[in-house]
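K.L.:
Handing you a structure now.
The values are calculated or read from the model by the stated rules, or taken from the named source; none is laboratory data. Everything numeric in this text was worked out from a predicted model, so none of it was measured. Every residue, glycine as well, gets a Cβ built from its backbone with ideal geometry; the counts of neighbours run over all protein chains shown. What goes into the accessible areas is simple: the full protein's heavy atoms, side chains included, and nothing from ligands, DNA or RNA. Shrake-Rupley method; radii C 1.70, N 1.55, O 1.52, S 1.80 Å.
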Amino acid sequence: MKRNIQAFLFIAIVGGVIGALYGLLIDTLLDRGNGIAAMPRGAVRGIIVASAVAGLEMWVSAGVIGQWLRKMAFGPALALRVAITTLILLTVLSTTHIVFIRDLQNYLVWVQRGLPNDFMLAAAMAFLVQVMLATRRLIGARTLTNFLLGRYSRPTHENRIFVLADMVGSTSIAEQLGDAAALDMISSVFLDIDPAIRRHGGEVHSYVGDEVVISWAQRDRRANARVVRCLSDITRILETRRPYYMQRFGHAPTLRIGVAAGPVAVGECGWEKRQVVYIGDTINRAKRLQEACKQHSVCLLTDETSAMHLPVSGPTSWRAVGETTLRGRANPSCLVTLETSAGEHARVISEKSFHLPLQILNKAPRLQQLESN
């Protein structure tokens, strides 16, 4: 919600600026003699038009049409989005002209003389807006903003929460279905869980084969709760979509997830394909926790330190798995998994979960607090 409000306000402000300049331009071309006085009126119209377009664009993107567009090829989807945005712009422009002109004769003059120019402007603006939105989706909103601001031109440090999720048994699925069908299944899974990631403020850092890397800025415990809510939503979505996957592919997807919180170094890397790169023990720990899921027969693992930053509530709770030395590490870690009553997929997570023995709990008193919460 916060991200949508920020985007909405940004679009409204840009619309106001463009509207003011366009109002001055039209006033000069038509020799109306209003001069600078035409700018406030143009700004108001620009804000109204931009706000209406932004609101409708968000509504379309979040609805059935948006889901359909996300599954289309990039070129046709972009063309259709431009056409829809142009139609919305023309509708809102025509409406605002009726409100501001309030004279049928002058309105007909605008239809004859001004509408063609407004149509060209609307089409150009629609194309520009959709290209910017497509770039934003390809790169990521936060990454694009950071590139523009030069925030990571030099390495810096951040505290972040990483979720690494890959699909269980993807190799055998590819052998049975073929590479193309397996890729189609993986793509469908990531498309299905993407709304949950976006809704809870997660940032998709990268897709690596059958694995997605998601991250959040680490804040206070209350804000960090969105990570757990996102994981619960992903579980619920995959459970709901299970019949669809069984019917289409003959397999129901299950994700193996590692979660870790802590400091990382962040910086830009490359030139031809510039990327933001995270380096540090936190993301390595998330990968090791993901790998350990197979050993402990659970679908999600985090460690005691990370779990302390991730409060749970409602139908979800942390359950201890055991004390294990992760691959490549010298000291043992207390591992916990997320237990939820969302359905069969979730019960796979909790089926092998058990409480830590008393001697281990004595070594990890903070984990007792997690259990009691």
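K.L.:
By how many nm would the segment from residue 330 to residue 148 grow when fully extended, if each residue of separation counts as 0.36 nm and the alpha-carbon distance is taken off?
P.N.:
Numbers: separation 182, 0.36 × 182 = 65.52 nm, distance 4.07 nm.
Full extension from residue 330 to residue 148 adds 61.4 nm.
K.L.:
Give or take rounding to whole Å, what are the principal axis extents of the alpha carbon atoms in the stretch 151-233, in descending order?
P.N.:
Taking the Cα atoms of the stretch 151-233, the three principal extents are 45, 32, 17 Å.
K.L.:
Read phi for every residue in the stretch 86-95 and hand back ³J(HN,Hα) as whole Hz from Karplus 6.51 cos²θ - 1.76 cosθ + 1.60, θ = phi - 60°, with x for Gly and Pro.
P.N.:
With the stated coefficients, the stretch 86-95 comes to 4, 4, 5, 4, 5, 4, 5, 4, 4, 5 Hz.
K.L.:
Could you check the spin-label model distance between residue 34 and residue 127? Points 7 Å from the Cα along Cα→Cβ, value in nm.
P.N.:
Placing both labels 7 Å beyond Cα along the Cβ direction yields 2.8 nm.
K.L.:
Rounded to whole Å and sorted largest first, what semi-axes of the equivalent ellipsoid does the C-alpha gyration tensor of the stretch 139-189 yield via the square root of 5 times each eigenvalue? Show your work: numbers first, answer last.
P.N.:
Numbers: eigenvalues 256, 39, 15 Å².
So the equivalent ellipsoid measures 36, 14, 9 Å along its semi-axes.
K.L.:
Accessible area of the stretch 115-223 with a 1.4 Å probe: how many percent of it is carbon plus sulfur?
P.N.:
On the way: 3490 of 5840 Å².
Here carbon and sulfur together make up 60 percent of the probe-accessible area.
K.L.:
Still on this structure, please answer the following. Projected area of the stretch 251-307, taken from the Cα convex hull and averaged over every viewing direction, in nm²? Show your work: numbers first, answer last.
P.N.:
On the way: hull surface 23.0 nm².
For the Cα atoms of the stretch 251-307, the hull's average projected area reads 5.7 nm².
K.L.:
How would you order 292-305, 175-188 from highest to lowest mean count of nearby Cβ atoms within 10 Å? Numbers along the way, then the final one.
P.N.:
Working: 292-305: 20.9, 175-188: 14.8.
Ranked from most to least packed, the peptides come out as 292-305, 175-188.
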